[in-house]
1. As a check on your grasp of the helix formula, calculate [θ] at 222 nm for the chain: sum -39500 (n - 2.57) over DSSP H runs of n ≥ 4, divide by the residue count, round to the nearest 500.
2. Just the number please: accessible area per residue for segment 39-115, 1.4 Å probe, all protein chains included, in Å².
3. Relative contact order for the chain: what percent, with Cα pairs under 8 Å and sequence separation of 6 or more?
4. Give the range of the longest stretch in the chain that excludes all trypsin sites (Lys or Arg not before Pro) found in loop regions by DSSP and having at most 13 other beta-carbon atoms within 10 Å.
5. With the full set of protein chains in place, find how many percent of the accessible area of segment 34-132 is carbon and sulfur; take the probe as 1.4 Å.
6. Excluding same-chain residues fewer than 8 positions from residue 127, which lysines have a Cα within less than 26 Å of its Cα?
7. Measure nothing but the geometry: give the 0 to 90° angle between the long axis through the Cα atoms of 117-131 and the longest principal axis through the Cα atoms of the chain, rounded to 10°.
8. What is the angle, in °, between the Cα long axis of helix 51-63 and the longest principal axis of the Cα atoms in the chain? Nearest 10 is fine, range 0 to 90.
Amino acid sequence: MENTTFPSESLKEYDVVVILSYYQGKLLLSREKKNTAWEFQGGALEEGEIPSSAARRILYNESGACGFNLQPMCDFIYNEKKGMAFLATVYELGPLSDGEMRERKAFDVLPAKWHYPELSSLLLKYKEEIEG
């Protein structure tokens, strides 16, 4: 199945969410303890969870964002997983939880080393297209 995007709430069933978050006008990325590449915040929905709740939970757990606005951006299929992507404007960061993330950082320029580079490119391209 081809990796592609759709308007929000097109798929009706979701496996994962991804959040493109911005802090002070910069892209806020996270890095796992077990990985050296940067990534958007994202992960699997828990049993019975809706995408917006999953996005809020994951954004907080993976970036420490405790004050933010969140809105759906698009749906996507990536490696046969159905997902919903969100845009977040973060205005307050707390400490990172003692979970899977090593650090978070706000970037002016995209880093060279990405985790899930094809998905990241797909979602950034969609965001550029809708911003016009």
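The values are calculated or read from the model by the stated rules, or taken from the named source; none is laboratory data. Remember, predicted model here, so these are calculated numbers, not experimental data. Note that each Cβ is placed from the backbone with ideal geometry, even for glycine, and that neighbours are counted across all protein chains shown. Heavy atoms of the whole protein, side chains included, go into the accessibility calculation; ligands, DNA and RNA do not. Shrake-Rupley method; radii C 1.70, N 1.55, O 1.52, S 1.80 Å.
1. Only helices count here, giving -7000 deg cm²/dmol.
2. Details: 4050 Å² over 77 residues.
On a per-residue basis, segment 39-115 sits at 53 Å².
3. Over the chain, the number comes to 35 percent.
4. Numbers: sites that count: 12, 33, 34, 113.
In the chain, the maximal stretch lacking such sites is 35-112.
5. Of all accessible area on segment 34-132, carbon and sulfur atoms account for 48 percent.
6. Partners found: 12, 26, 81, 82, 105, 113.
7. Orientation of helix 117-131: about 80 degrees from the principal axis.
8. 30
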